[in-house]
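Coordinate-derived values only; no laboratory data. Note that the structure is predicted; figures quoted are calculated from it, not measured. Please note: Cβ atoms are built from the backbone with ideal geometry, for glycine as well, and neighbour counts cover all protein chains shown.
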Amino acid sequence: MNLPNQSELPSPVIERHRLYVLQASCLLDTPPDATLDRVTELATRLFKAPIALISLIDEKRQWFKARVGVEVAQTERKDAFGAYTILRRDVLVVPDASLDPRFKQNGWVIGEPNIRFYAGSPLRTRSGVSLGSLCVIDTKPRYDFDESQQDLLTQLAEMAMDRIEALRSIAFVDPPTRLLNRARFSDDVRAIFDERRNGQISPSHAVLINVVPLGYLDETSVSVGIVAADRLMAAISVRVERALVDIRPVYRVDYARFAVFVRGGESAAMRVIEAALRAFDAPLVVNQIPVDLSPTVGLVDLSGIDEHTDVLRALMSSSEVARRARVPFRKFAKRMFVAQERTFFILNTLPQALHDEHQLSLVYQPRIDLRTGRCVGVEALLRWSHPLLGDVSPAEFIPLAERTSLMPALTDWVMDNALKQLAAWQKAGISLNMSINVSVLNLEQRGFVIRYASLLQTHGIEPARVELEVTESALAQNARSVTENLRKVTSMGSTIAIDDFGTGYSNLSKLQLYSASVLKIDQSLVRRVLETQHTRILVEGIITLAHKLDYRVVAEGVETPEIYETVADWQCDEAQGYHIAKPLTAAMFESWHSDYMQYII
């Protein structure tokens with residue numbers, strides 16, 4: 001092994017910094033670059049040499065970013081002439097490597113490609129860090145590589161380095177804002193953790209400012225155009241930079257998410273957070289339209305994070321928790337990772353559950369006609385018995401599914417199995433209507449009505465026997481495709497019910513847009529109907545006004561005889577809730593239905 005002597009070894013500190021800069025350049029193991037390829041080709045012609053290389057010297061290897069005359073893409077560092085070149089400021093010239101004590105036992109000298117002559121110029125960054133070399137190689141000794149040729153090789157190396165610096169800029173700079181990007185943030189986090197392990201002073205905290213969620217930017221692009229949306233993004237970036245003028249650098253790590261590192265402890269970090277939030281007290285003006293923005297901020301104490309790869313995840317988790325809680329900021333806590341991991345696990349295993357007959361199931365909650373007392377229908381409710389997590393509440397996994405492409409498949413599973421059960425009950429002489437919950441995401445699909453009609457036909461179910469439930473809050477932000485699909489469903493003969501009514505933002509007259517004919521009063525109101533005068537007036541008023549507009553009204557959450565009697569006295573049409581029956585399996589419902597109908601008769 002041919003190692004440099006002690007006078008030619010770099011100091012550990014300098015070498016560690018050099019390797020960091022090299023890794024941060026994001027050049028290693030990247031595809032060929034046409035410009036650098038041309039530089040090596042030009043070098044072989046100018047110097048009439050069979051081999052030219054642009055090599056980068058990593059910790060244990062030499063990797064060729066561009067090469068002419070050799071097939072391999074890398075060598076061990078011990079065989080790299082460039083490991084000596086990076087220690088110099090001038091050109092390293094080796095007239096005959098077989099006579100040079102540093103190289104005469106080198107694998108590339110005693111074996112292929114049988115190097116004799118070598119001339120290499122270091123590739124140095126603007127800050128003076130040497131990443132590798134540009135070299136020309138010959139298989140014959142050469143003693144005529146004079147000063148003018150060395151100057152020419154140096155100029156070619158400078159050309160190559162200009163291109164490398166440009167590639168580094170492309171890799172690390174966000175073009176629209178000219179801020180450092182996510183890749184640079186990740187590399188700088190790694191450097192900070194290295195500094196901390198080596199006992200050096202490093203930033204104490206990281207702060208992420210999430211100005212607006214991605215969905216908002218998408219809506220902006222649709223409503224005012226992509227150009228205006230770009231202007232908004234640029235204005236946001238300027239506002240953030242000005243607010244954090246004393247903190248550099250600022251990174252754009254995602255759409256409208258900006259991050260900084262802070263020295264000086266949590267009090268210093270809080271001052272940064274306050275400045276960032278104050279920056280958006282005044283609206284931005286885009287196309288003469290004032291735009292109010294309410295950023296949320298995530299705060300991470302870097303000393304509480306074990307791995308540098310977890311920092312950005314922790315920042316995004318804490319800012320997202322703040323957004324959902326509708327508070328300005330949240331400090332990261334490790335329990336946030338636990339919740340994220342559970343979310344990921346649920347979404348990752350839900351597709352398997354759709355094909356496992358032992359995991360997903362339906363239960364059915366009876367609905368009673370309050371005038372006759374008869375059971376006129378059931379609501380199909382989805383349940384998930386997870387093999388590892390146990391029972392997972394639909395209140396947990398359905399909102400997660402709605403944020404992915406899993407929701408259409410999940411709704412298809414529910415409709416298919418609910419209609420299959422309804423057909424079995426019809427065949428057994430049990431006459432019922434089936435209520436099925438659907439997501440607005442399903443109703444936005446162009447093929448939803450075709451799929452629904454196909455399932456009705458497959459199971460031999462009359463459309464009038466089925467009611468589709470959609471939540472009021474979801475409809476409040478609907479698309480035109482939703483109202484069109486609802487209209488098609490009602491034209492087939494099925495009923496549309498507005499679920500959880502009374503907690504959203506719709507009004508009764510607007511519900512006509514949705515072709516709805518049934519209102520289901522939210523259980524949170526019904527359960528409290530006897531507790532306060534305000535709730536009594538509200539629920540009774542909804543029933544009275546809905547009847548005047550020809551809606552059928554269902555009270556959910558009827559859990560006591562007193563509530564049952566009260567909503568019946570107010571002429572509510574139907575009721576469901578624990579006082580009548582909890583959600584039941586198909587077999588349990590059949591038994592309940594048999595006993596109940598005998599009691600009614």
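Calculate how steeply helix 265-278 sits against the longest principal axis of the alpha-carbon atoms of the chain, using the helix alpha-carbon long axis, and give the answer as 0 to 90 degrees to the nearest 10. Rounded to the nearest ten degrees, it is 60. Using just its DSSP H runs of length 4 or more, each adding -39500 (n - 2.57), the chain gives a mean residue ellipticity at 222 nm of -13500 deg cm²/dmol after division by all residues. Under the simplified labelling scheme, the ASN348-LEU389 pair shows an inter-label distance of 1.2 nm, with each label point 7 Å from Cα along Cα→Cβ. Between helix 335-353 and the chain there is an angle of about 70 degrees, using the helix long axis and the longest principal axis of the Cα atoms. Using R₀ = 35 Å, calculate the FRET efficiency as 1/(1 + (r/R₀)^6) where r is the Cβ-Cβ separation of SER303 and THR35; round to 0.05. Given R0 = 35 Å and the Cβ-Cβ separation, E is 0.20.
Could you pull out the longest piece of the chain with no exposed loop chymotrypsin sites (Phe, Trp or Tyr not before Pro) in it, calling a site exposed if DSSP puts it outside H, G, I, E, B and it has at most 14 other Cβ atoms within 10 Å?
144-504
So if the hydrodynamic radius of the chain is defined as the Kirkwood radius over C-alpha pairs, what does Stokes-Einstein give as its diffusion coefficient at 37 °C and 0.692 mPa s, in µm² per second?
After rounding, the answer is 109 µm²/s.
In angstrom, the C-alpha Rg and Dmax of the range 336-423 are 15.4, 52.
Figure legend: label point modelled 7 angstrom from the Cα of TYR578 along Cα→Cβ; residues of the range 519-548 with amide N under 15 Å from it are 523-529.
Placing one equal scatterer on every Cα of the range 381-457 and applying the Debye formula, the log10 ratio I(q)/I(0) at q = 0.22 Å⁻¹ is -1.07.
List residues of the range 324-346, by number, whose backbone nitrogen lies under 15 Å from a label position 7 Å along Cα→C-beta of ASP356. Residues 345-346 fall inside that zone.
Sparsely packed loop sites in the range 332-396 (the trypsin sites (Lys or Arg not before Pro) outside DSSP H, G, I, E and B with at most 16 other Cβ atoms within 10 Å) comprise LYS334, ARG371, ARG374. Near the amide H of HIS205, within less than 5 Å, lie the amide hydrogens of VAL262, GLY265, LEU302, all on another chain or at least 5 residues away, with H placed in the peptide plane.
What is the calculated FRET efficiency for ALA428 to GLN340, with r their C-beta to C-beta distance and R₀ = 45 Å, to the nearest 0.05?
Numbers: r = 46 Å, r/R0 = 1.02.
Calculated transfer efficiency: 0.45.
Taking each residue as 0.36 nm, the span from LYS104 to ASP144 lengthens on full extension beyond its C-alpha to C-alpha distance by 12.4 nm. Using alpha carbons only, the radius of gyration of the range 343-600 set against its Kirkwood radius gives Rg/Rh = 0.95. Relative contact order, whole percent, for the chain stands at 7, derived from Cα pairs under 8 Å and 6 or more residues apart.
Each principal axis of the range 6-172 carries a Cα extent, and these read 42, 36, 30 Å when sorted largest first. Taking only the alpha carbons of the range 182-333, we obtain Rg and Dmax values of 15.7, 52 Å in that order.
For the chain, what is the percent of antiparallel DSSP beta bridges, rounded to the nearest 5?
Taking every DSSP beta bridge within the chain, about 70 percent pair in antiparallel fashion.
Between the Cα long axis of helix 226-243 and the first principal axis of the chain there is an angle of about 70°, rounded to the nearest 10. Cross-link candidates for LYS104: which lysines have Cα within less than 26 Å, leaving aside residues fewer than 8 places away along the same chain? Within the straight-line cut-off, LYS104 pairs with LYS48, LYS60, LYS65, LYS78, LYS140. Working note: Karplus 6.51/-1.76/1.60 with θ = phi - 60° gives the range 64-70 the couplings 9, 6, 8, 7, 9, x, 10 Hz, where Gly and Pro are set to x. Length gained on full extension, ARG248 to CYS26, computed as 0.36 nm times the residue gap minus the Cα-Cα distance: 77.8 nm. Put simply, the Cα atoms of the range 536-601 extend 38, 23, 23 Å along their principal axes, the longest span coming first.
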